[in-house]
Amino acid sequence: MRIVEACLSLLGLLLLWWGVSAISDPLVLPPPDAVFYALVTEIGTGELWTHLGATLFRVVMAFGLAWMVGVVIGVSLGRIKLLDRWFWSWVTTFLNLPALVVIVVCYLALGMTETAAILAVTINKAPLIAVNVRDGVRQFDPKYDEFASNYGLSFSQKVRSIWIPQLEPFLFTALRTGLSLTWKVILVVELIGRSSGVGFQIHLYFQLFEVDVILAYALSFIVVMQLIEWLCVRPLEKYVQRWRSDGQLAQLQV
Amino acid sequence: MFKDGVVTVSWPNCKFDGKEVLQSGQLALHPGCSVVSGDSGIGKTTMLRAIAQNNSKIRSVLVFQEPTLLPWLTLEENLALVSKEHEVAIKWLDSFGLYNCLGLRPGQMSLGMQRRAAIVRGLIAKPDVLLLDEPSASLDQLNIDRLLDCLVEIIHSRSIPILLVSHQIDHFERLKAKQFYLGGSPAFISEV
């Protein structure tokens, strides 16, 4: 039922787009069929897969690094009050640093390289992950820490069996918001200093004033991100958080 | 401190918000059950926590009033976290009537089952002294009887001291336990 509702809702959005494009300049807002035609053409030439793949690679690399750095910073600040007092302001500073500034500085410092592109996104997104994880760590239930200390659990046991399960909702929030923001920043990185990727193609077709191809690339990446959400993130989330519905009336089978 | 099977535990003065709530003290615990009673809020749980933290030479395991089994793990995984001796865990689960719960998560078990499972977890951690915080709280008579059966089983098969605190001392008369009373302000312990 949820899928039917979601599909109907998206169909409504498509109709709205059609309606608005019918009364506006088709060069500025082409109708859905024109965008679909551009998409098929790009798929036919193989260009779409090349650039989609390049962007996806950068998203995975940059977000993976941002994730690791952010989790380490978030856990450290959440657990160690001294570090939190000293370095929380650093995190908020980097959190509010415009992505464009970080990108330009990285390109100037390291040249127009792949490393600079990925590093810029990592620096820009790690604070977001860190903030989420720090909040999660600060909400740890102290009774589990007391249990771990009383039973002499090792550090790795604490991390694996007590910390990570309590952090799961915050990690999933960080994953969702982080991924959606990362790919948007990646587009800027590609637009400024790369010769491949969806951002590069958008820049190219902007100069050629071909809005249908621009929208085709944007839509294709939205589809990729939705597939990641529905095929990877949601099933994983459902699996690891299955214990949360234990004992609820809805689980009762009469 | 151990001597002839007797474990002596001690605790320091405990303060809460700068106010002394519990006087220091010590107890010589013989194998079997000792019960500390006292009014609600007098400091019984504080005393148990202080014992668990203060006696580093003794392996004391505190079984909390709230079972604190990890809700995301099955009972089997919860037990494996504190001991790798699977056979021992199975034996205790069997004698506590919990063998069929091995694959269940705490949220799928009743409070009485969780309490008994938490005691099993405490036992398989091989403590020198087992500390139980209000084990009968919020349980109905049937579950209290089951719990007492389990404690009798422990007393018979393991010669370790069990120190339990409760404000409902009548629940534990069947155990013929040595009785102590915690009272006063700041609270101090005395033998009944």
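For the options A:Leu16, A:Leu204, A:Leu110, a Gaussian network treatment of chain A with springs between C-alpha atoms closer than 10 Å singles out A:Leu16 as fluctuating the most.
Placing +1 on each Lys and Arg Cβ and -1 on each Asp and Glu Cβ, with no other charges, gives the protein assembly as shown a dipole about its Cα centre of roughly 1180 debye. A Förster radius of 22 Å combined with the Cβ-Cβ distance from A:Leu227 to A:Trp17 puts the calculated FRET efficiency at roughly 0.55.
Taking the Cα centre of chain A as the origin and placing charges on Cβ (Lys, Arg +1; Asp, Glu -1), which of A:Trp49, A:Met68, A:Leu208 is farthest toward the positive end of the dipole? Highest projection toward the positive end goes to A:Met68. Considering the protein assembly as shown at the alpha-carbon level, its Rg and Dmax are found to be 30.6, 96 Å. The angle between the Cα long axis of helix B:44-54 and the longest principal axis of the Cα atoms of chain B comes to about 80 degrees, rounded to the nearest 10.
Given R0 = 41 Å, the distance between the Cβ atoms of A:Gln207 and A:Phe87 translates into a calculated FRET efficiency of 0.45. Each residue of segment B:137-145 was assigned a 3J(HN,Hα) from its phi angle through the Karplus curve 6.51 cos²θ - 1.76 cosθ + 1.60 (θ = phi - 60°); the sequence is 4, 6, 9, 7, 4, 4, 6, 5, 4 Hz, with glycine and proline shown as x.
Looking at chain B, the DSSP beta bridges with both ends there are about 45 percent antiparallel.
Multiplying the residue separation of B:Asn100 and B:Ser138 by 0.36 nm and subtracting their alpha-carbon distance yields 11.4 nm. Which whole-Hz ³J(HN,Hα) couplings does segment A:182-196 yield from phi under the Karplus relation 6.51 cos²θ - 1.76 cosθ + 1.60, θ = phi - 60°, glycine and proline marked x? Whole-Hz 3J(HN,Hα) from phi for segment A:182-196: 4, 5, 5, 5, 4, 4, 5, 4, 6, 5, 7, x, 10, 10, 8. Distances between placed amide hydrogens fall under 5 Å for B:Val36 paired with B:Leu164, B:Val165, B:Ser166, B:Phe180, all partners being 5 or more residues away or on another chain. Restricting the calculation to Cα atoms, every distinct pair contributes to the Kirkwood radius of segment A:46-244, found to be 18.4 Å. Per-residue surface analysis assigns B:His156 an accessible area of about 150 Å², computed on protein heavy atoms at 1.4 Å probe radius. Here the spin labels are modelled as points 7 Å beyond Cα on the Cα-Cβ line, and at A:Glu114 and B:Thr8 they lie 7.1 nm apart.
Structure remark: mean-square fluctuation, Gaussian network model of chain B, C-alpha springs under 10 Å; the largest value among B:Ser37, B:Ser110, B:Ser159 belongs to B:Ser110.
Which residue, B:Glu20, B:Glu76, B:Glu153, tops the fluctuation ranking in a GNM of chain B built on C-alpha contacts under 10 Å? Looking only at B:Glu20, B:Glu76, B:Glu153, the biggest GNM fluctuation is shown by B:Glu20. Solvent-accessible area per residue in the protein assembly as shown equals 52 Å², computed with a 1.4 angstrom probe and all protein chains kept. The residues packed around A:Phe147, meaning those with a beta-carbon under 13 Å from its beta-carbon, carry a net charge of -1 if Lys and Arg are +1 and Asp and Glu are -1. Take each residue of peptide B:56-69, count the partner chain Cβ atoms within 10 Å of its Cβ, and average: the result is 2.
Each Lys and Arg Cβ is given +1 and each Asp and Glu Cβ -1; about its Cα centre, segment A:46-244 then shows a dipole of about 720 debye.
Each part gets one Cα centre, and for segment B:1-50 versus segment A:68-120 those centres are 49 Å apart.
Shielding of peptide B:73-82 by partners, expressed as the average count of other chain Cβ atoms within 10 Å per residue Cβ, is 2.
Chain A and chain B together bury an accessible surface of about 1800 square angstrom, both sides counted, with a 1.4 Å probe and no ligands or nucleic acids included. With a 10 Å cut-off around each Cβ of A:148-155, the average count of Cβ atoms from other chains is 5.
Of the solvent-accessible surface of the protein assembly as shown, computed with a 1.4 Å probe over protein heavy atoms with every protein chain present, carbon and sulfur atoms account for 63 percent.
The values are calculated or read from the model by the stated rules, or taken from the named source; none is laboratory data. From a predicted model like this one, the values you see are computed outputs, not experimental measurements. Cβ coordinates were reconstructed from backbone atoms using ideal geometry, including for glycine residues, and neighbour counts include every protein chain displayed. To get the accessible areas, we keep the full protein, side chains included, count just its heavy atoms, and leave off ligands, DNA and RNA. Shrake-Rupley method; radii C 1.70, N 1.55, O 1.52, S 1.80 Å.
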